[in-house]
Amino acid sequence: MMLVRGRWGVWSLRSHLSVLLMLSMLLTLLLAGSAVLVWRIPRIDSASRQALQQEVGEMAARMEVLLGNRQARLQLLAALLEGGPTLAPDALLDQGVGAGDVLSVAYRLSPQGRVVAVGLPPALRPRRTDLLGSDLSSSSLYRTLAGRTGVAWSGRYLSVLSGQLTAGLALRTGRGELLVAEVPFAMLLDTVETAAGTGASAIWVVDQAGEVIADTDGGRDIGKVNIRNSPLMQAMVQGQADGRSFAFPDGQLRVAFAHSPSLGWYFVGHAPTGMADPRIRGLVLAVGAAFLACLGIGLLMTPLWASYLGRPLRDIAARAASTLRGEPEPAVSPPGPVAEINRLAHHLVRMAAAMRERELEFLAIFNASPVPMAVTDADQGYRLLHVNDAWCQALQFRREDAIGRSGVGLRLFTAAERDALGRQSQGDRTVSKGTVRRASGERMQTQFFGQRFELGGERWLIWALIDIGPIQRVALQLRALNQQLEERVQRRTTALAQANADLSQTVEQLRSARSELVRAEKMAALGSLVAGVAHELNTPLGNGVMAISAMGDATRSFQAAMQAGVRREDLRQLVESIAQGTDIAGRNLRRAAELVHSFQQAAADQTGALRRSFELSEVVHEMVVSLQPSFARKPWRIEVDVPATGLRMDSYPGALGQALGNLIQNAALHGFDGRSHGTVRITAGALADRRIWLHVVDNGRGIAAEHLNRIFDPFMTTRMGRGGTGLGLHISYNAVVNLLGGTLTVDSVLGQGACFAMRLPAEAPRAAGAAAVGAP
Ligand SMILES: Nc1ncnc2c1ncn2[C@@H]1O[C@H](COP(=O)(O)OP(=O)(O)OP(=O)(O)O)[C@@H](O)[C@H]1O
Ligand SMILES: [Mg+2]
């Protein structure tokens, strides 16, 4: 299985989640711990410094109080001695010393330094006689105190009486005597030690000589340390030592000090700083311990959490793996706490179901295929993995016998034959022909189709076979049939070529016959035209000739009569004949002239016609008005339904009126001939593309079918010899088509009237006038 490697390699979800959780937790603790330390340590430090200063200050003050007590006691003794002898001086001094717990001994010295009286505690009183009279003028105590006035304190010295380190104090009386008392150091320093705090700090009592005479840290440094020449001493003398760090036997320590002026002692408190300070160390240790505790808890808990969170994903992975292996799916696990993972699991279940369905679908199609098909493993000797029903049927193997074995193993083909099949491949596709053997050993000619593909890192080959034996047999038969067919076609082609040649000849004959026919028809048409013209002209010309010859006869009769003498009656007859003959000849010659005019019109070039813009209704109206007289005494009516405006044309109104007049006259002459009633209806309207329709419809006799397609021909008339020339429609057709640029059609059923329809452009073509006017 391919896994995408990240930058840090591939981790299990549990490790990944554990590390992430741990890292988040450690980071949080680190930040919180640092914040606590950064916030607390300066405060602790400052509090320690203040406490130390307070401690040494208090100690110095207490020492001053102690010394003050002793001074007061000495001053009281001096006052009592001065006041008169109530008691013997020794007894008075004994009382002043008492048990020796405030002053250890008190001397009264003469101005010369001899002991004149001595006060002792009860235990030492037997030594009084030894001391009385002794000269102390040479002792260090006397020397130190002798020159002073008021109460003076000596430095330390060894007591003559006890041999202990002692501080002395002296007071000069009015009589020049010196009252001296001793206070053992131990007594003073006991107070120091009992007053020492219990913190990490320790306090040294340093005398004027710089020697440590008391140490609250168990007296460890007493007599061993002298700081006279140290920077600490100098700083203290200058009053600048507070809060600074100095070198001590225990290392670098912070210092606070106080000075006792009576004895000249320094109380030097020193305490460790930073991590050496137990409170800071305690805080750091507490934070560290919390950190470690959380780390421990995290180490214990995060794998559990990670495992808990990752369980649904592990289930999903297991489900996916079993789906991939095609194994039955494990039961659906209950939903976990993470919505996205639940959705993923749900989709995976659906995906697996869809995959199963598709697999079943594929298998159904695979098995339903009529083509024998097999899937083999191309990496492992082409083992058969799937074969379909058609394959089993065609090759006569049972599926369970075939699956897991190769084609060579099943003796479908030899290894050499298989390789030969594969050699004809192009890329991943193979199409080749070859022979395979059925289980029975029977050989089968096949077309082999193979397709290689890769799936999940494995190479597969799916192949199909088509039994081409029957096809080949059919192909052979087809080839033979083709051969026969070709021969037959050859024969037919020859026959056809012959027939074609005959046909070409016939066509040629037909073509010449047709041109002969056309020529003959033209001649016939010409003949008919000439006959028509001759016939039409014959009557008026004949009548004219007859009239003129009648006049000739009359003239000749008159000439004959003239020889016999002209009578009035003869002259009247001649004039009558001439008048009648002239009238007849004139009328017939006019008729002939009219006919010739008609012929001229039929063949005339109408380019000279007047073109202008007009409303169609105007032309229709004018034509109807001009024809109205000829309808006046007839039972026929003309109806007009043409819009007065909106059908404006730029065309030839004369030609249009003539065509319209011909149609109306024809309706009256032919349609209503012999009828007691009849209506000609003229209607018009607009078409698309600026075109206009105009219909002339009558309800007369109609036109016989055999005439219908000839009525536009010249001289086509059913009133031959009765005033019809058969030119009216021909002239109208020519005008509409050639001059107006439109069409003229007729529609009629015998007995039901006729309908003549014009389709005209609103603007007549400019070139139309130049077109030759000919037969339709
Ligand atoms: N409205 C109509 N009803 C019946 N027949 C018609 C009608 N119009 C034309 N015809 C037929 O068509 C023929 C040809 O008409 P055409 O106008 O060309 O010639 P004509 O009227 O006979 O002679 P003319 O030259 O005097 O007009 C007519 O003779 C007639 O038979
Ligand atoms: Mg006519």
Counted neighbours (other Cβ, 10 Å), sorted fewest up, put 283, 178 in the order 283, 178
Just to be sure I understand the curve: with the Debye formula and one point per C-alpha of segment 337-465, what is log10 I(q)/I(0) at q = 0.09 Å⁻¹? -0.33
Within the under-11-Å Cβ sphere about residue 750, not counting residue 750, Lys/Arg +1 and Asp/Glu -1 give a net charge of 0
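For residue 722 and residue 226 in one chain, what is 0.36 nm times their gap in residues minus the Cα-Cα distance, to one decimal in nm?
160.8 nm is the gain from fully extending residue 722 to residue 226.
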Counting only residues 5 or more places away or on other chains, whose amide H sits under 5 Å from the amide H of residue 692 once H atoms are built in the peptide plane? 687, 760, 762
Roughly what would the spin-label model give for residue 252 and residue 333, points 7 Å off Cα along C-beta, in nm? 5.9 nm
If you plug each phi of segment 64-77 into the Karplus form 6.51 cos²θ - 1.76 cosθ + 1.60 with θ = phi - 60°, what whole-Hz ³J(HN,Hα) values come out, in order, with x for Gly and Pro? 5, 4, 4, 5, x, 4, 5, 4, 4, 4, 5, 5, 5, 4
In debye, nearest 20: dipole of the chain around its Cα centre with unit charges on the Cβ of K, R (+) and D, E (-)? 1420 debye
Using θ = phi - 60° and Karplus 6.51 cos²θ - 1.76 cosθ + 1.60, couplings along segment 214-226 (whole Hz; Gly, Pro as x): 8, 9, 6, 8, x, x, 4, 9, 5, x, 9, 10, 10
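Sort 226-233, 647-654 by packing, meaning the average of other beta carbons within 10 Å per residue, with the highest value first.
Numbers: 226-233: 15.9, 647-654: 20.2.
The peptides rank, most packed first, as 647-654, 226-233.
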Let a ≥ b ≥ c be the square roots of the eigenvalues of the Cα gyration tensor of segment 358-404; is it rounded (a/c under 1.5), or, if not, prolate (a/b larger than b/c) or oblate? oblate
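Using unit Cβ charges (K, R positive; D, E negative) and no other charged atoms, how large, in debye to the nearest 20, is the dipole of segment 371-467 about its Cα centre? Kindly include the intermediate steps, with their values, before the conclusion.
Values: 14 positive and 12 negative charges, 57 e Å.
For segment 371-467, the charge dipole is close to 280 debye.
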The answer for the net charge of residues other than residue 694 whose Cβ lies under 12 angstrom from its Cβ, with Lys and Arg +1 and Asp and Glu -1, is +2
Of 625, 676, 731, whose Cα points farthest to the positive end of the dipole of segment 609-770 (charges on the beta-carbon: +1 Lys, Arg; -1 Asp, Glu; origin at the Cα centre)? 676
Note, residue 115: beta-carbon cut-off 9 Å, +1 each Lys/Arg, -1 each Asp/Glu, net +1
Shape category assigned to segment 74-188 from the gyration tensor of Cα positions, a/c cut at 1.5: rounded
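Report the gain in length on full extension from residue 706 to residue 351: 0.36 nm times residue separation, minus Cα-Cα distance, nm rounded to one decimal.
Working: separation 355, 0.36 × 355 = 127.80 nm, distance 8.43 nm.
Taking residue 706 through residue 351 to full extension adds about 119.4 nm, to one decimal.
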Any residue on another chain or 5+ positions along whose placed amide H is under 5 Å from the amide H of residue 715 is listed here as 727
Could you run the Karplus curve 6.51 cos²θ - 1.76 cosθ + 1.60 with θ = phi - 60° over segment 301-315 and give me ³J(HN,Hα) per residue in whole Hz, x for Gly and Pro? 7, 4, x, 5, 4, 4, 5, 5, 6, x, 4, x, 5, 4, 4
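Sorting check: for 488-494, 305-311, which peptide has the highest mean count of neighbouring beta carbons within 10 Å, and how do the rest follow?
Values: 488-494: 10.6, 305-311: 16.7.
Listed from highest to lowest mean packing, they are 305-311, 488-494.
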How many angstrom lie between the Cα centre of segment 76-128 and the Cα centre of segment 214-231? 34 Å
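FYI, it's all coordinate maths here, none of it is from the lab. Just so you know, these numbers come straight off a predicted model, no measurement behind them. When we count neighbours, we look across all protein chains shown, and the Cβ atoms used for this are built from the backbone with ideal geometry, even at glycine.
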